[in-house]
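Taking it in order: structure first as structure tokens, then the write-up.
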Amino acid sequence: MNAPRLSIEPLGIAKRDGDGWRTTWRVVNPEAESVRIVAVVAPHSQFRGETSLDREVHSKASTQFSLVVRIDGSPRSEIENAFVILLVEQGEDRWRILARLRVPLEEGGRPRPLVEAVTMQRVGFSGEL
């Protein structure tokens with residue numbers, strides 16, 4: 001089975017949520033087969049967060065989700081090589097969808113994530129996320 005070709009993009013402006021920032025993301029599935037998003041993680045030391053999901057993205061449809069991230073950076077600086085990683089299921093297969101980010105930090109440290117590239121990897125022996 002071929003890897004799902006999902007696109008991911010940040011939506012709107014991040015809002016304060018406790019010690020973190022609530023970011024909102026849209027995932028678009030242009031494929032003929034549905035996928036299910038089961039987890040999302042942002043593992044970078046300066047852009048970190050995770051959430052469990054159980055969200056089906058039907059064929060030629062999209063969905064949105066929120067991810068609260070903790071930021072470790074100075075206002076008006078930039079975090080490079082951050083990732084948002086989706087764990088998705090398509091039929092019996094599991095995939096990681098990796099969105100590589102550049103994250104400029106605005107006044108007050110508000111993140112403005114920008115997706116630079118999206119790649120896919122089949123989940124294998126090395127763990128799920």
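The values are calculated or read from the model by the stated rules, or taken from the named source; none is laboratory data. Source: prediction; values computed, not measured. Methodologically, a virtual Cβ is constructed for each residue, glycine included, from the backbone with ideal geometry; neighbour enumeration extends over all protein chains shown. We work out accessible area using only protein heavy atoms, side chains counted, and drop any ligands, DNA or RNA first. Shrake-Rupley method; radii C 1.70, N 1.55, O 1.52, S 1.80 Å.
Observations on the model:
- Among the protein heavy atoms, those of Ser34 account for about 40 Å² of accessible surface (1.4 Å probe, every chain in place).
- The listed residues Val115, Val123, Val35 rank as Val115, Val123, Val35 when sorted by accessible area, largest first, using a 1.4 Å probe.
- Think of the chain as having a plus end and a minus end, set by charges on the Cβ of Lys, Arg, Asp and Glu; of Pro10, Gly109, Ala61, Gly109 sits farthest toward the positive end of this dipole.
- Lys60 contributes about 150 Å² of solvent-accessible surface, heavy atoms of the protein only, 1.4 Å probe.
- Per-residue ³J(HN,Hα) for segment 105-111, Karplus 6.51 cos²θ - 1.76 cosθ + 1.60, θ = phi - 60°, Hz, x for Gly and Pro: 9, 7, 3, x, x, 5, x
- GNM flexibility winner over the chain from Gly73, Gly109, Gly12 (Cα, springs under 10 Å): Gly12
- Solvent accessible area, Å² - Phe83, 1.4 Å probe, full protein context: 60 Å²
- Among Glu107, Glu116, Glu92, the order of accessible area from largest down is Glu92, Glu107, Glu116, computed with a 1.4 Å probe on protein heavy atoms.
- If you sort Arg36, Arg96, Arg5 by accessible surface, 1.4 Å probe, largest first, the order is Arg5, Arg36, Arg96.
- With all projection directions averaged, the alpha carbon convex hull of the chain covers 7.5 nm².
- Dipole magnitude of the chain, debye to nearest 20 (Cβ charges: Lys/Arg +1, Asp/Glu -1, about Cα centre): 260 debye
- Derived scalar couplings ³J(HN,Hα) [segment 41-48; Karplus, 6.51 cos²θ - 1.76 cosθ + 1.60; whole Hz; x for Gly, Pro]: 9, 10, x, 5, 4, 9, 8, 10
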